[in-house]
1. Over all alpha-carbon pairs in segment 31-77, figure out the percentage whose distance exceeds 15 Å.
2. Considering only the other residues whose Cβ falls under 14 Å of the Cβ of Glu42, what net charge follows from Lys and Arg at +1 and Asp and Glu at -1?
3. Could you sort 53-61, 123-131 so that the peptide with the highest average Cβ count within 10 Å comes first and the rest follow in order?
4. Pull out the extension gain between Arg30 and Val103, defined as 0.36 nm times the separation in residues minus the alpha carbon to alpha carbon distance; nm, one decimal.
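Bear in mind these aren't lab numbers, they're just calculated from the coordinates by the rules spelled out. A quick note: this is a predicted structure, and the numbers were derived from the prediction, not measured. All Cβ positions, glycine included, derive from the backbone under ideal geometry; neighbour counts span all protein chains shown.
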Amino acid sequence: MLHDEISFETGGGEPPVRRLDVVSGPGGRRRWTREAKMRIIEETLRPGANVADVARRHGLVPQQLYGWRSAVRARESEPGLSFVPLALEGAPASIASGSAAIVVQTGDLTIRIPASVSADHIERVFLAARMLS
């Protein structure tokens, strides 16, 4: 048995145990989907939530999570792109599975959004439509 193996197993002796982190993937960076980021950010907004604990649970540093939160707040404060409340009059009609859609009309532009489309895709469509107007 080598001296390094003994010191690693027992935690004593010379030379000291060294730490080696192996990061795989391109550049050692993980790519998070928008949905995953939003889910993690929502965790931090729950009453009594601790950002450092949430970050640790997901393998992040708190600074990264604070950065995500700041980016979301900045995007939400952009003028001209926001959510509006929906008011339904009367009882909603029953909708057959898979046939639900949202229709957005503004000026001469009509956007039909099927229920199966991701929020990320919808955002890209609205941003593209905004650039064209």
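1. So the pairs more than 15 Å apart make up 38 percent of the total in segment 31-77.
2. Residues close to Glu42 contribute a combined charge of +4.
3. Those peptides, ordered most packed to least, come out 53-61, 123-131.
4. 22.8 nm
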